[in-house]
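Data first, discussion second: the structure below is written as structure tokens.
The values are calculated or read from the model by the stated rules, or taken from the named source; none is laboratory data. Here the structure is a predicted model, which is why all the values come from computation and not from measurement. So basically every Cβ, Gly included, is an ideal-geometry build from the backbone, and we count neighbours across all protein chains shown.
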Amino acid sequence: MKALVSFVQSNEITQLSEIVKEELEKKNYSVTVTEVIKHKKKNKNKLARLKAGVTDWKPFDLIVLGFPVIGISSSHLMNDYLKQCTNISGKQTAILIGCIGLHGNALKKASSLVSFHGGKVKDSLIVSSFLGLNEKKIEKVKEFIQNI
Ligand SMILES: Cc1cc2nc3c(=O)[nH]c(=O)nc-3n(C[C@H](O)[C@H](O)[C@H](O)COP(=O)(O)O)c2cc1C
């Protein structure tokens, strides 16, 4: 079984992506972690040009998406990434969101982009970055991955 962990960085999400990887490996997944990075050069059309980030989901059985909330919605970079991904149809995903407290429509936005392309959102978790990560929050993330 193969898993892809695609994340847009924040301190919290970058650290949690490593924990997600370790937990998935405990479940015998072979894991690829990919940070979605924007190219400095602007794209002519509206989508952000990507410098990095695995966009072909074909090889993977599970895709974990991690990103921070920006402006009470999902990070634009994650939205643009999802719009550029291929072979989403039929894929199982799990969504991990970091925020300081106001997540607004972040989950709804990312979920709808996944389901619009035929993917399925198995589960989601919103982690508060208020006062940083602690054992309790890390434990929650581990549980989340164990249960997907
Ligand atoms: C420009 C900007 C906008 C943000 N907007 C929100 C927001 O609307 N709601 C929220 O809960 N967190 C918001 N955040 C916080 C991020 O989601 C992220 O969790 C936070 O920056 C913690 O990141 P850190 O782990 O790198 O400290 C925002 C952060 C930035 C930089």
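The rows are residues; the columns are (1) modelled with pLDDT under 95; (2) in contact with a Leu (Cβ under 7 Å, 6 or more places away or on another chain); (3) closer than 26 Å to Lys137 by Cβ.
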site	(1), (2), (3)
Phe7	no, no, yes
Lys27	no, no, yes
Thr32	no, yes, yes
Asn45	yes, no, no
Arg49	yes, no, no
Phe67	no, no, yes
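Does Phe144 satisfy being more than 27 Å from Lys51 (Cα to Cα), of a type in the set (A, V, I, L, M, F, W, C), away from the ligand (no atom under 16 Å from the Cβ) and modelled with pLDDT of 95 or more?
Considered against the rule, which asks whether it is more than 27 Å from Lys51 (Cα to Cα), of a type in the set (A, V, I, L, M, F, W, C), away from the ligand (no atom under 16 Å from the Cβ) and modelled with pLDDT of 95 or more, Phe144 comes out as yes.
Looking at the stretch 34-50, which of its residues are hydrophobic (A, V, I, L, M, F, W, C) and either surrounded by fewer than 16 Cβ atoms within 10 Å (Cβ to Cβ) or touching a residue at least 60 places away in the same chain (Cβ under 8 Å) (or both)? If you could, list the steps in order and put the result at the bottom.
From the stretch 34-50, those hydrophobic (A, V, I, L, M, F, W, C) are 36-37, 47-48, 50; that's our starting set.
Selection gives Ile37, Leu47.
I want to confirm something. Restricting to the stretch 109-148 and keeping residues that are of a type in the set (Ser, Thr, Tyr) and under 20 Å from Glu18 (Cα atoms), which single residue is surrounded by the fewest Cβ atoms within 10 Å (Cβ to Cβ)?
Let us first name the residues in the stretch 109-148 that are of a type in the set (Ser, Thr, Tyr), namely 111-112, 115, 124, 128-129.
The next check asks that each one be under 20 Å from Glu18 (Cα atoms); those that pass are 124, 128-129.
Numbers: Ser124: 17, Ser128: 15, Ser129: 18.
That would be Ser128.
Mind counting the residues in the stretch 106-141 that are in a loop (DSSP other than H, G, I, E, B) and under 23 Å from Leu62 (Cα atoms)?
Selection size over the stretch 106-141: 3.
Just checking, does the stretch 51-64 include any residue being within 16 Å of the ligand (Cβ to nearest atom), touching an Asp or Glu at 6+ places or on another chain (Cβ under 7 Å) and touching a residue at least 12 places away in the same chain (Cβ under 8 Å)? I'd like the intermediate steps shown before the answer.
Kept after step one, since they are within 16 Å of the ligand (Cβ to nearest atom), are these residues of the stretch 51-64: none.
Within the stretch 51-64, not a single residue is within 16 Å of the ligand (Cβ to nearest atom), touching an Asp or Glu at 6+ places or on another chain (Cβ under 7 Å) and touching a residue at least 12 places away in the same chain (Cβ under 8 Å).
Note down all Cβ pairs under 9 Å where the first residue falls in the stretch 75-98 and is free of Cβ contacts under 8 Å to residues at least 12 places away in the same chain, the second is assigned to a loop (DSSP other than H, G, I, E, B) and within 16 Å of the ligand (Cβ to nearest atom), and they're at least six residues apart or on different chains.
none
Checking the structure you have, find out if any residue of the stretch 111-125 is within 22 Å of Lys27 (Cα to Cα) and within 14 Å of the ligand (Cβ to nearest atom).
yes
Got at least one residue in the stretch 65-85 being within 12 Å of the ligand (Cβ to nearest atom), farther than 14 Å from Ser10 by Cβ and not in a loop (DSSP other than H, G, I, E, B)?
Checking the stretch 65-85: at least one residue is within 12 Å of the ligand (Cβ to nearest atom), farther than 14 Å from Ser10 by Cβ and not in a loop (DSSP other than H, G, I, E, B).
Can you name the residue in the stretch 86-101 that is modelled with pLDDT of 95 or more, of a type outside the set (A, V, I, L, M, F, W, C) and not in a strand (DSSP E or B) and, of all such residues, is nearest to the ligand (Cβ to nearest atom)?
Among them, the one singled out is Lys91.
Select from the stretch 4-33 the residues that are within 10 Å of the ligand (Cβ to nearest atom) and not in a loop (DSSP other than H, G, I, E, B) and write down the one among them that is surrounded by the most Cβ atoms within 10 Å (Cβ to Cβ).
My answer is Leu16.
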